[in-house]
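Below is one structure, written out as structure tokens, with a few remarks after it.
The values are calculated or read from the model by the stated rules, or taken from the named source; none is laboratory data. The model shown is predicted, which means the values in this text are computed figures rather than measured ones. Here Cβ is always computed from backbone atoms with ideal geometry, including for glycine, and neighbour counts include all displayed protein chains.
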């Protein structure tokens, strides 16, 4: 089937080539960045390309954190109508590359020096079989705490350095009548928080073996049980209405001072920015207690498809613009993430951004940069979703004990592999 | 059927049992009307509130300072992806997809119903049963194979384009959507017309045959002019289903220039970051739903009449 | 050669035989009525003549031309349906002229034809109305108008009067008869009402189970039914069919009828049919129509064979023009038709005159007439 | 013409008009020719795709279709998951939810639809206003109404909070947040959406009942209740069946309802099989499992619908 698809596409591209030998000055872009801030950030790219004479054909499909867009992408690929590029996450890029539908940007990558500036951990996903197939846009880091400073001052809290510190801080907030922990009860939010809990409880080595290598010994270890117990502890600090809440509503609780802290990726900073809050004065960004020095990341990538030859020039322009230092800086300042290349100056970034960039650089060099399992950078989607199932069922009580949780986790991951 | 009037048997304190009866009936009807109207009410009042009021007030309260701002924004400014032209730009995309799809599927349904009832042949019932069962296929499971075939159409269209200079619409996203909706609407339209024509007097067809009318003349001159009630039912049903479809629309027509209303609305409403402008979202949702609401309110009367005329018969 | 000829016509649906070999013919200007109980195949037969149903075997000829394979519109026929089948979306004028429109007749000629028919049927004032605005009788007229305007070789009527009330039915029956008389068209007419059959037809085909039981003039059918079914089906009130035995010896045969609680009646048969002698001492069915069983004063003067017997009258039904008396013979209620002024009381024993010239006999085993 | 007649006599078994010309052959075939495109489309795009899905369910298709048969592993997994009730597997949750949702949704829609139709049929003034009010939810996509329902059912925003503000502070309604009750909120929203349509079907049925039957029953001394129970409801039997078909197909296709209202519910506790199928096919890249679940859904539908179709469409003697 795929072979047929490929032949079909080759034929189609052949015809297209015959029809108009001139290059098509247009990029077709599938993405799910439809809200104000993100769209504004992406608009920078659109304008950069416009300067070079390339039109932007927008294919936005919002919903489900990219689920709807990925469904649309699958349909487009099945039909043989590849977009120039699509926003994609981690293992999805590799799946599509394995199916042979991705383009080859190696030439551009070498010319632009991507292989040197882009962290190796990211290259694991943007390079397939020695070929560059995707352009990373940013690096998100997951193990952050976002704290409302006014509330923090009111309860007299200080930066928690260990998990126990964190629990003590939450207790203080509880006593003061503030919701201690803002959480959205959707499986990916719960699992994202659990990523940090596991890193904090077991340390970098443990996280890597368990959640990147899927080592069964670690998955069923007592440390994992302890991690689940710690998660259970955190959940007791959550308000009763958390189930089903969107993540940005949880962030809004922190922004408004209804809640003290949210454990969330750095995209939460975009919400603080949009609400005109300043780091240090209005809100605080700390690494999740006990995870300083390590970074759990995910990254938005623009997967580059094997488009007909007359569209390749536009694709190269898009990829080059995406990884240009100016765009990397401009985009990530707005989005809350950090640049996907480590050689971008941090001048335009705020305090949290600067820390994020420094942390990324350090983790990259120190080998403590790990893919987030919850965000699809630790294992393929089947495993990641099985993992999210288990965590969510544990949080909501279908799974009652940490013993049971560990058994289920091993079984679910084994099943999905 | 005439209503069942319970005769007033006794008069108690000046209020007859009948009156009590009527009060109970009207009370119940009003209560259920409230239940049905509640979400619409919430959407309407929210769309006229300021964000402040939404965040701090009760969702069921009336707006204290009604504002049309959200509606104006939804109509002409709101963004779907990087394109910020409001909902108004997507009306035409939807219309140009829905209208042909409704007309073609209704017409084919009518023809099928006509053949299946008035020109029966051996196996006609089996053919109908197979077409009816097709109504039950989950659309998620046809998404990919359909995409593959639409892709083939597109490549064939490109070939034609090269050979003849005209692609016959093959490969065009709107045409693709029309095709998909016709394919998966056929079961229902055929069901509706078949049940209606089942009760349609066969003697009329015989009379027309004796009068010398051909197969198509009978259809056009006798069947269609006498099918108004069922045409109304079918058109309403198809129109709302196709207008509201998101799955096919997002998968086959996602780009801005052909994107139907539902996909645009989804992009407006389903944003993952930033402050959610509920008032604008609600206004956008109302705008997107306006055509279908209008169809139901205007044609609602004929709808029950149409159902009566045969659509509900087994 | 007859105008309409149907030879060995058979019609099968799968393994079910609906028509089992029909042979009927009709002279030009004749009026053929197909009559029988529902499900006997009479409507199917009409539909095959119209070309609305295909035939399995056999041949239909009109005016010497085989029409088996012709499309209905090419057969030069017109048809009036039970439900009238008026097109609800068209006006009366539209209904009448639809066939001409289909044949491409110019509008001016169509208008002329409409006017002519409207005049004949007196429906000129209805021409612009829709069928839903018409009464039953008016719809019937329009349906006939639609048929008339074609000026066809053959008129087909499918139970056209069955949806009308009793009074209107009689009126329309007369109307149809007049129409037949004035236009002289050949008509095939289906009904389950034997009165319509008797009053309208020049030829009747009595049908049952896809077979023609008897084909003949109304008088033949009425007076000489070939079997029990035809005898029973045709005539109102129906013929009395009484179990009896044949008595007597040699040429002097008699029919013996049982009476309740008294000795049987024995009626001498003067000119019995030849076949009857074989039934001496055996049971037969004795058939006598009510009008052949009267009070002695009302008996037909010139009948050659009248026998009188005392009968116990159980019920009297004065019907205005006649009085019907019910007695019991051979275990069955038997109806006699008396003069309106016959002075008979129920519960009395009265002599009744049997007109044995008109009596018929059937073999109980085969149900066929004994001749 | 005579020659033709002779031919017919020679081949009496030939039932169709052995037409003198190609043209009349064409005339005879015309109805079938007209029906053919629709039928062909259905065969290819419905039954062809069903076969394709069945085929895929026996492969190890993941992100994309793969065409090497690898056996019934997907079914084995589903079979195993069917019995994992503690903690519940997603499949177990989906099918038990389908049972609860399917039964309640169909039953309540039928009961409420019939009840409203009977009330509306009592010569009500303002029927013209009420009818579209009951009917309109069917016109709206759940992308539109999902948010409103979500708010209304949210204890912190909707009904509970409102009643608390009005002074009824002990009122408690948090089903949408509760893993054991969230499926019932899906039922509520589903009933809201479809019951008006069912009401319209019943109303049409009631209007179609011969008034004389009602008069006769009243003369026989039936009370209003008896009249409906003994006479009217039995007469509405065909409508019950049609309504059942409509509801069954809506229930089985319910997907956006769950997503828009609950995003899957706490710990995935609101999933229906269609959610399961979509998740596994498109999100988890386990296309074989997704296909297998689709096949099982289709088989269930077949088991319900085919007997109905058989009883309704069986050729009756005419």
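Looking for whichever is touching a strand residue (DSSP E or B) at 6+ places or on another chain (Cβ under 9 Å) and not assigned by TED's automatic domain parsing to the domain that holds residue B:38 here; the options are B:270, B:226, B:266, B:281. Which one fits? Talk me through it step by step, then tell me what you get.
Details: B:270 fails: touching a strand residue (DSSP E or B) at 6+ places or on another chain (Cβ under 9 Å); B:226 fails: touching a strand residue (DSSP E or B) at 6+ places or on another chain (Cβ under 9 Å); B:281 fails: touching a strand residue (DSSP E or B) at 6+ places or on another chain (Cβ under 9 Å).
Checking each option against the conditions leaves just B:266.
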*Consider residue A:224 against the criteria (1) farther than 21 Å from residue A:384 by Cβ; (2) surrounded by fewer than 24 Cβ atoms within 10 Å (Cβ to Cβ): it satisfies all of them except one. Which criterion is unmet?*
(1)
*Which of the residues belonging to the stretch D:236-256 are within 14 Å of chain A (Cβ to nearest Cβ) and in a helix (DSSP H, G or I)?*
D:256
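Suppose we keep only residues that are more than 25 Å from the chain's Cα centre (by Cα) and closer than 26 Å to residue B:297 by Cα within the stretch B:47-58. Which one would you say is surrounded by the most Cβ atoms within 10 Å (Cβ to Cβ)? Give the derivation first.
Here is the first cut: in the stretch B:47-58, the ones more than 25 Å from the chain's Cα centre (by Cα) are B:48-58.
Next, only the ones that are closer than 26 Å to residue B:297 by Cα stay: B:48-49.
Values: B:48: 19, B:49: 24.
Going through the qualifying residues, I end up with B:49.
Just checking, how many residues over the stretch C:284-302 are surrounded by 14 or more Cβ atoms within 10 Å (Cβ to Cβ) and either more than 22 Å from residue C:233 (Cα to Cα) or touching a helix residue (DSSP H, G or I) at 6+ places or on another chain (Cβ under 6 Å) (or both)? Break it down into steps so the answer makes sense when it comes.
Quick first cut of the stretch C:284-302, residues surrounded by 14 or more Cβ atoms within 10 Å (Cβ to Cβ) only: C:284-295, C:298-300.
Among the residues that remain, those that are also either more than 22 Å from residue C:233 (Cα to Cα) or touching a helix residue (DSSP H, G or I) at 6+ places or on another chain (Cβ under 6 Å) (or both) are: C:287, C:295, C:298-300.
So the count comes out to 5.
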_If I go through the stretch C:193-204 residue by residue, how many of them are surrounded by 18 or more Cβ atoms within 10 Å (Cβ to Cβ) and under 8 Å from the mean Cα position of the chain (by Cα)?_
6
*Looking at (1) in contact with a helix residue (DSSP H, G or I) (Cβ under 6 Å, 6 or more places away or on another chain); (2) outside the structural domain of residue A:265 (by TED's automatic domain parsing), which is the one condition that is false for residue A:157?*
(2)
_Selection count where residues are more than 8 Å from chain B (Cβ to nearest Cβ) and without any contact (Cβ under 8 Å) to a residue 40 or more places away in the chain, scope the stretch C:77-104_ = 5
*Kindly list the number of the only condition in (1) over 30 Å from residue D:295 (Cα atoms); (2) assigned to a helix (DSSP H, G or I) that fails for residue B:128.*
(1)
*crowded, with 19+ Cβ neighbours inside 10 Å, within 14 Å of chain B (Cβ to nearest Cβ) and assigned to a helix (DSSP H, G or I) - does that describe any residue in the stretch C:59-76?*
yes
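What about residue D:282, is it assigned to a helix (DSSP H, G or I) and facing another protein chain (nearest Cβ under 7 Å)? Write out each step before concluding.
On the way: assigned to a helix (DSSP H, G or I): yes; facing another protein chain (nearest Cβ under 7 Å): yes.
Yes: the conditions hold for residue D:282.
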*Would it be correct to say that residue B:174 is more than 10 Å from every other protein chain (Cβ to nearest Cβ), crowded, with 21+ Cβ neighbours inside 10 Å, touching a residue at least 12 places away in the same chain (Cβ under 8 Å) and under 19 Å from the mean Cα position of the chain (by Cα)?*
no
*Looking at the stretch C:286-312, which of its residues are farther than 15 Å from residue C:236 by Cα and at pLDDT 90 or above?*
C:286
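Here is a yes/no grid of residues against (1) within 27 Å of residue D:262 (Cα to Cα); (2) not in a helix (DSSP H, G or I):
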position: D:168; (1), (2): yes, yes
position: D:185; (1), (2): yes, no
position: D:189; (1), (2): yes, no
position: D:198; (1), (2): yes, no
position: D:217; (1), (2): no, no
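It is to be established whether one or more residues within the stretch A:219-236 are part of a strand (DSSP E or B), within 14 Å of another protein chain (Cβ to nearest Cβ) and under 30 Å from residue A:366 (Cα atoms).
So in the stretch A:219-236, the residues part of a strand (DSSP E or B) come out as none.
The answer is no; no qualifying residue exists.
Only one residue in D:270, D:292 is assigned by TED's automatic domain parsing to the domain that holds residue D:98 and either buried (at least 19 other Cβ atoms within 10 Å of the Cβ) or not in a helix (DSSP H, G or I) (or both). Which one? Give the steps one after another, and end with the answer.
Details: D:292 fails: assigned by TED's automatic domain parsing to the domain that holds residue D:98.
The unique qualifying residue is D:270.
In this structure, is residue D:276 over 19 Å from the mean Cα position of the chain (by Cα) and within 14 Å of chain A (Cβ to nearest Cβ)?
On the way: over 19 Å from the mean Cα position of the chain (by Cα): no; within 14 Å of chain A (Cβ to nearest Cβ): yes.
Against the criterion (over 19 Å from the mean Cα position of the chain (by Cα) and within 14 Å of chain A (Cβ to nearest Cβ)), residue D:276 does not qualify.
One residue is enough: does the stretch B:158-170 have a residue meeting the conditions modelled with pLDDT of 85 or more and either assigned to a helix (DSSP H, G or I) or within 27 Å of the chain's Cα centre (by Cα) (or both)? So that I can check it myself, show each step before the final result.
If we filter the stretch B:158-170 for residues that are modelled with pLDDT of 85 or more, which is where we start, we get none.
For the stretch B:158-170, residues modelled with pLDDT of 85 or more and either assigned to a helix (DSSP H, G or I) or within 27 Å of the chain's Cα centre (by Cα) (or both): absent.
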*Report the residue count in the stretch D:168-222 for those that are facing another protein chain (nearest Cβ under 8 Å) and more than 22 Å from residue D:271 (Cα to Cα).*
15
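Against the condition under 18 Å from residue B:253 (Cα atoms), at the interface with chain A (Cβ under 10 Å from one of its Cβ atoms) and within 24 Å of the chain's Cα centre (by Cα), how does residue B:143 come out, does it pass?
Numbers: under 18 Å from residue B:253 (Cα atoms): yes; at the interface with chain A (Cβ under 10 Å from one of its Cβ atoms): yes; within 24 Å of the chain's Cα centre (by Cα): yes.
Spelling it out, residue B:143 is indeed under 18 Å from residue B:253 (Cα atoms), at the interface with chain A (Cβ under 10 Å from one of its Cβ atoms) and within 24 Å of the chain's Cα centre (by Cα).
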*Return a yes/no flag: does the stretch B:186-193 have any residue that is surrounded by 19 or more Cβ atoms within 10 Å (Cβ to Cβ) and outside any helix (DSSP H, G or I).*
no
*asked:* Taking the conditions exactly as written (within 14 Å of chain B (Cβ to nearest Cβ) and within 25 Å of residue B:278 (Cα to Cα)), does residue D:149 satisfy them or not?
replied: yes
*So how many residues does the stretch A:199-211 have that are in contact with a strand residue (DSSP E or B) (Cβ under 6 Å, 6 or more places away or on another chain) and surrounded by fewer than 17 Cβ atoms within 10 Å (Cβ to Cβ)?*
0
*When the stretch B:194-217 is examined, which residues are found to be without any contact (Cβ under 8 Å) to a residue 60 or more places away in the chain and either more than 7 Å from chain C (Cβ to nearest Cβ) or in a helix (DSSP H, G or I) (or both)?*
B:203, B:204, B:206, B:207, B:208, B:209, B:210, B:214, B:216, B:217
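Among the residues of the stretch C:220-249, what is the count of those that are at positive phi and either touching a strand residue (DSSP E or B) at 6+ places or on another chain (Cβ under 9 Å) or touching a residue at least 60 places away in the same chain (Cβ under 8 Å) (or both)?
Step one: of the stretch C:220-249, the residues at positive phi are C:235, C:248.
Now restrict to residues that are either touching a strand residue (DSSP E or B) at 6+ places or on another chain (Cβ under 9 Å) or touching a residue at least 60 places away in the same chain (Cβ under 8 Å) (or both): C:248.
So the count comes out to 1.
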*Could you list all residues from the stretch A:378-398 that are outside any helix (DSSP H, G or I), facing another protein chain (nearest Cβ under 8 Å) and touching a strand residue (DSSP E or B) at 6+ places or on another chain (Cβ under 9 Å)?*
A:398
*asked:* Can you tell me which condition residue D:92 does not meet? The list is (1) out of contact with any strand residue (DSSP E or B) (no Cβ under 6 Å at 6 or more places or on another chain); (2) without any contact (Cβ under 8 Å) to a residue 40 or more places away in the chain; (3) farther than 18 Å from residue A:417 by Cα; (4) outside any loop (DSSP other than H, G, I, E, B), and all the others hold.
replied: (1)
*Could you list, in sequence order, all residues of the stretch D:68-80 that are under 17 Å from residue D:281 (Cα atoms) and touching a strand residue (DSSP E or B) at 6+ places or on another chain (Cβ under 9 Å)?*
D:74
*asked:* Are there helices (runs of 4 or more DSSP H) fully within the stretch A:55-128 with at least 1 residues that are within 13 Å of chain B (Cβ to nearest Cβ) and within 16 Å of the chain's Cα centre (by Cα)? List them.
replied: A:67-79
